[in-house]
Amino acid sequence: GKLVVLTCGGGNGAHCLAGLSAMRPKIESRVLTLYSDEAERWAVELDSGLLITVRNDDGSKSLIKTKPSMVTKDPQKAVPGANYIFFVVPAFAHAQYLEAIAPYIEGNTVIVGLPSHAGFEFECADLLGEKANACTIVAFESLPFVCRLIEFGKNVEILGFKDTLGASTLKGKRCNVTQSVLELPQYIFGDRPKVRRVQNYITTILMAKFIVHPSLMYGKWSQWDGRPLSEKPLFYQGIDKRQAELLSGVSDECVATAKAIEKMVPGLDMSDVIHVFDWYLNYYGEQISDKSNLMTAMRTNKAYDGLDQPMKEIEPGKYVPDFTYRYLSEDVPMGIVPMKGIAELAGVSTPFLDEVITWCQSKLNKEFLVGNKLTGKDLKDTRSPQKYGYNKLEDLFSGNLNSFRY
Ligand code: NAI
C-alpha cells in the first residue's frame, strides 16, 4: 500500500509539501488545516488540482500539476492511518496541532517539524504524553525551499531550494519504525535539498539560525530615536559593525555551549554547531562577494538582495519597525530563549545572548530572563527546557527523551 503523509498547515510551505508529496507514486497526501476557514476554501479547489511553479537557477520556470487526496479540518478523518505527520506551520501553531492529533495517533508514527524551531521535541513529549514514546520525532533546521502562495489552494511558487538541510531524529522507546525515517522526506523533496542527518536533537537547536533575526533587530533598533523613517532599511545587507559584533558574540556562545555539552555527555557529537560566519561561507559561498568578515559577508550576500526590515507604514511614506513580526515573536520564545535554557543547563554564561533577550523581551512585553537567569514569569510562553521541568543537563537525555540514537 501507499504511505500516508499528512501535512498540517495551510500556508506557503504546507501547499508545497502537500503538493510535492501528492506527486510521488508511493504516497497518499492528506492535509489538515485548523486555521479559520482554510480547509473549506482549499477543499473547493481540490478537484482542479494545485499548481506548483518552480523557479530554476537559470531563471526558467517549471510547472508541476499535482493533487492532494484530502483537505480537512477534522483530525479524526486526517490522522488515522497516517505514517508521517509533517508540521509545516509557524512554531506558535505547533501546540494546537499536537493537541488536535494526539487522540488519533496510532503509534509507529513519524512526526516531523518542517521546520521544527527550538523546543519542538519538548513540546511533542509534553502534549502527546505516553503516545510520544510510540513515535519518532524528526526536527528539520529550516524549510527546504523559499516559497510563497500566489493563490490559496491553487497556485504556489518555489523561489529556490536549499542545497542541504540538517535533520535530527528522536525515537521513542515503543516506536517500532524500522525504515530510516529521513528517506521519506528525501523522496518528497527530490534532488534538492540533500537531507543531512545530524547526530542529536540538541545540535539541531544550537545550529539553527534563530540567532540572526533577534540579534540584528536589537543591534538595529535599540538605539533608535523613535522617529519614523522615510524608507525601509535593508535587513541583512544593512548590517553594521555593532550588529555583526553582537551576532558573532551570540554565535560564540552557542558554539561554547555545544563544546561544554560534548564534554559532559559521552558519545554526543556536537560538531555541526559552527560559528555563523563559517556557516555563511559554507552555505552561501558562491553568492558572497566579500568574505573578509561576518559583516561584509552578510552585506554582500546576493541571496539577501532586497530583503528589508519588517516595518509598519504609519502614514504614507513613514515607517516604524514592526516588533510583532516573527523575527521576534517566533525567534525569541521558540529560538533564542530555549537556546539560553540549554546554555544554562550546560553551565555556560551568555552575556551577549542575555543582552539580546533582555531587549527583545521588553519589545514583546514579556519577562523570560531576570538578570541572567531564566526565571521570568512568562517562561510558560516559551519552549525552553525549564518550562517542561528539565532542570539538569541529564534531563535532556532521560525520561521521555532518553532514547535518542547515534
Ligand atoms: P505561513 O506564513 O504561510 O503560515 C501561515 C499559515 O499558518 C496559515 O495559512 C495557517 O495555516 C497557519 N496559521 C496562521 N495563523 C494561525 C493561527 N493564529 N492559528 C493557527 N494557525 C495559524 O508560513 P510558511 O511561510 O509556510 O512558513 C512556515 C515556517 O517555515 C515558519 O516558521 C517560517 O518562519 C519558516 N520558513 C518559511 C520560509 C518561506 O519561504 N515561506 C523560508 C524559511 C523558513
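Could you tell me which of the pairs Lys73/Lys171; Lys2/Lys77; Lys232/Lys312; Lys340/Lys363; Lys263/Lys392 are separated by over 21 angstrom between their Cα atoms in the structure shown? Provide the component values of the computation, followed by the final result.
Numbers: Lys73/Lys171 28 Å; Lys2/Lys77 17 Å; Lys232/Lys312 9 Å; Lys340/Lys363 18 Å; Lys263/Lys392 15 Å.
The pairs that break the limit, which is 21 Å between Cα atoms, are Lys73/Lys171.
I'd like to know how region 8-151 sits against the 2.2 N^0.38 Å rule of thumb: what's its Cα Rg over that expected value? Could you put the intermediate results ahead of the total?
Numbers: Rg = 15.1 Å, N = 144, 2.2 N^0.38 = 14.5 Å.
So region 8-151 has a normalised radius of gyration of 1.04.
In the calculated pair distance distribution of the chain, what percentage of Cα-Cα distances lie above 31 Å? Provide the component values of the computation, followed by the final result.
On the way: 31745 of 82215 pairs.
For the chain, the share of Cα pairs beyond 31 Å comes to 39 percent.
Kindly state, to the nearest 0.05, the FRET efficiency for Lys392 paired with Arg174, given R0 = 25 Å and r defined as their beta-carbon distance. Provide the component values of the computation, followed by the final result.
On the way: r = 25 Å, r/R0 = 0.99.
So, using R0 = 25 Å, E works out to roughly 0.50.
Would you mind classifying region 121-234 by shape? Square roots of the alpha carbon gyration tensor eigenvalues, ordered a ≥ b ≥ c; an a/c under 1.5 is rounded, otherwise it is prolate if a/b is larger than b/c and oblate if not.
On the way: a/c = 2.34, a/b = 1.60, b/c = 1.46.
Judged from the Cα gyration tensor, region 121-234 comes out prolate (a/c at least 1.5, a/b above b/c).
Working from the pairwise distances between different alpha carbons, so that the mean of 1/r is found and then inverted, what is region 277-406's Kirkwood radius in Å?
Numbers: mean 1/r = 0.0577 Å⁻¹.
Mean inverse Cα-Cα distance, inverted, gives 17.3 Å.
When a/c is below 1.5 the answer is rounded, else prolate if a/b is larger than b/c, else oblate, so apply that to region 79-136 with a ≥ b ≥ c taken from the square roots of the Cα gyration tensor eigenvalues. Please list the in-between numbers first.
Details: a/c = 1.59, a/b = 1.39, b/c = 1.15.
Prolate.
In vacuum, with every alpha carbon of region 183-265 counted as one equal point scatterer, what does the Debye formula give for log10 I(q)/I(0) at q = 0.15, 0.16, 0.23 Å⁻¹? Two decimals, please.
-0.77, -0.82, -1.07
How long is the gain from Glu151 to Lys259 if the chain were fully straight, where each residue apart is worth 0.36 nm and the alpha carbon distance is subtracted? Display every interim value, and only then the final one.
Values: separation 108, 0.36 × 108 = 38.88 nm, distance 4.60 nm.
Contour length minus the Cα-Cα distance gives 34.3 nm.
Which loop trypsin sites (Lys or Arg not before Pro) in region 25-56, with loop taken from DSSP, have no more than 15 other Cβ atoms within 10 angstrom of their Cβ? Each step should come with its number before you reach the end.
Values: sites: Lys26, Arg30, Arg41, Arg55; in loops: Lys26.
Qualifying residues, ordered by number: Lys26.
Please identify every one of the trypsin sites (Lys or Arg not before Pro) in region 349-380 that sits in a loop by DSSP and has no more than 10 other beta carbons within 10 Å of its own beta carbon.
Numbers: sites: Lys363, Lys366, Lys373, Lys377, Lys380; in loops: Lys366, Lys377.
Sparse-neighbourhood loop trypsin sites (Lys or Arg not before Pro): Lys377.
Out of all DSSP beta bridges with both ends in region 107-227, state the antiparallel percent to the nearest 5.
Numbers: 11 of 20 bridges.
If I count the DSSP bridges inside region 107-227, around 55 percent turn out antiparallel.
Would you mind classifying region 135-183 by shape? Square roots of the alpha carbon gyration tensor eigenvalues, ordered a ≥ b ≥ c; an a/c under 1.5 is rounded, otherwise it is prolate if a/b is larger than b/c and oblate if not.
Working: a/c = 3.51, a/b = 2.15, b/c = 1.63.
Here region 135-183 falls in the prolate category.
How about region 153-250: which trypsin sites (Lys or Arg not before Pro) there lie in a loop by DSSP and see at most 11 other Cβ atoms within 10 Å? Write out the running numbers ahead of the final one.
Values: sites: Lys154, Lys162, Lys171, Lys173, Arg174, Lys194, Arg196, Arg197, Lys209, Lys220, Lys241, Arg242; in loops: Lys154, Lys162, Lys173, Arg174.
Passing both the DSSP loop test and the Cβ count: Lys173.
For region 50-170, what proportion of DSSP beta bridges, expressed in % and rounded to the nearest 5, is antiparallel?
Numbers: 16 of 29 bridges.
So the antiparallel bridges in region 50-170 amount to around 55 percent.
Please report the antiparallel percentage of the DSSP beta bridges confined to region 1-87, to the nearest 5.
Working: 6 of 19 bridges.
Rounded to the nearest five, the antiparallel share is 30 percent.
Convert each backbone phi in region 135-152 into a coupling constant with the Karplus relation 6.51 cos²θ - 1.76 cosθ + 1.60 (shift: θ = phi - 60°), then list the ³J(HN,Hα) values in order as whole Hz, x for Gly and Pro.
10, 10, 9, 10, 10, 9, 5, 7, 7, x, 9, 9, 8, 8, 5, 9, 9, 3
Just how much of Tyr327 is accessible, in Å², when a 1.4 Å probe is used and the result is rounded to the nearest 10?
Here the residue's solvent-accessible area equals roughly 30 Å².
Pull out the extension gain between Tyr325 and Gln287, defined as 0.36 nm times the separation in residues minus the alpha carbon to alpha carbon distance; nm, one decimal.
On the way: separation 38, 0.36 × 38 = 13.68 nm, distance 2.69 nm.
Answer, rounded to one decimal: 11.0 nm.
The values are calculated or read from the model by the stated rules, or taken from the named source; none is laboratory data. What you are looking at is a predicted structure, and each value in this text was computed from that prediction instead of being measured. A quick note on method: Cβ atoms are made from the backbone with ideal geometry, for glycine too, and the neighbour counts reach across all protein chains shown. Just so you know, the surface numbers come from the protein's heavy atoms only, side chains and all, with ligands and any DNA or RNA stripped out. Shrake-Rupley method; radii C 1.70, N 1.55, O 1.52, S 1.80 Å.
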